[in-house]
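The values are calculated or read from the model by the stated rules, or taken from the named source; none is laboratory data. In this text, all values refer to a predicted model and were calculated from it rather than measured experimentally. No Cβ is skipped: glycine too gets one built from the backbone with ideal geometry, and neighbour counts run over all protein chains shown.
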Amino acid sequence: MTASIDAPDASAVEKAAVRRGWTITHILTTHHHTDHVEGNLALKEQYGCEIIGPVNEAVAIPGLDKTMADGDTFLFGDHTVQVIETPGHTAGHICYHFVDDKLLFAADTLFALGCGRLFERPAADMWHSLQKLAVLPDETAIYFGHEYTLSNARFALTIDPDNQRLILRAEEIEALRAENKFTIPTTLALEKETNPFLRAADPIIRRNLLMENKSNEEVFAEIRRRKDNF
């Protein structure tokens, strides 16, 4: 069994599968945006694969066979997969947590040093979605949907300039991207230390933003607003 987490480009997915001798049996769709589902129908025609996706975006997922809601679990081979609904980027976005493997496929909810733009739900919803992910084991490896890490690192330093772990990480990211290397995966522990979008409750972040007396949701919304204009 082989799953493609989202299917942005059928040709690229097919080439990767052929290179490894794999047959795509499933597509695990996280949300309805075109850059995550554009390859669904072509891959389904090629492989006859089953497409799984979020129940709250079912009408917008091409070729969808089975819907999943928050808290649902299913077996992928011998692997238990937990579905976590994370509204924010879109209204029905879901993440796939491979429980025993401690893997999270977060797509456009949580990035390395960032989070997805808020297209369909308010900042408070995204903050609460991120809190659902933050309680997973610290060693969870996180696979995200876009390589925005360099920009995210540069922005994070404007919010948290004295964070020594962040400073070191930003240097590492600059070096990786200079060699055109990817920054995926990250870990939840590392994100908790360095990702400002997970740290709206942190007194240092709040002080830096002059928002000590504001709610976590308000602080998060301000961080998101600043990133949108960065």
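Where strands (runs of 3 or more DSSP E) fall entirely within the range 43-110, those with at least 2 residues that are farther than 19 Å from PRO185 by Cβ are at 50-54, 66-68, 73-76, 79-85. Candidates GLY92, GLY53: the one that is outside the structural domain of LEU188 (by TED's automatic domain parsing), crowded, with 16+ Cβ neighbours inside 10 Å and under 19 Å from the mean Cα position of the chain (by Cα) is GLY53. Against the numbered list (1) closer than 24 Å to GLY116 by Cβ; (2) surrounded by fewer than 18 Cβ atoms within 10 Å (Cβ to Cβ), GLU45 comes up short only at (1). When VAL99 is tested against (1) closer than 17 Å to HIS36 by Cα; (2) without any contact (Cβ under 8 Å) to a residue 60 or more places away in the chain; (3) aliphatic (A, V, I, L, M), exactly one condition is not met: (1). Restricting the first member to the range 175-194 and to residues that are over 24 Å from LEU136 (Cα atoms), and the second to residues that are in a loop (DSSP other than H, G, I, E, B) and of a type in the set (S, T, N, Q), the beta-carbon pairs closer than 6 Å and six or more apart or on different chains are LEU176/THR183. Of the residues making up the range 9-42, those that are in contact (Cβ under 8 Å) with a residue 60 or more places away in the chain and assigned to a helix (DSSP H, G or I) number 1.
In this structure, THR25 does not qualify as under 20 Å from the mean Cα position of the chain (by Cα), of a type in the set (Ser, Thr, Tyr) and surrounded by fewer than 21 Cβ atoms within 10 Å (Cβ to Cβ). Within the range 70-89, the set of residues being closer than 20 Å to ALA141 by Cβ, buried (at least 16 other Cβ atoms within 10 Å of the Cβ), without any contact (Cβ under 8 Å) to a residue 60 or more places away in the chain and out of contact with any Phe, Trp or Tyr (no Cβ under 7 Å at 6 or more places or on another chain) comprises GLN82, ILE84, THR86.
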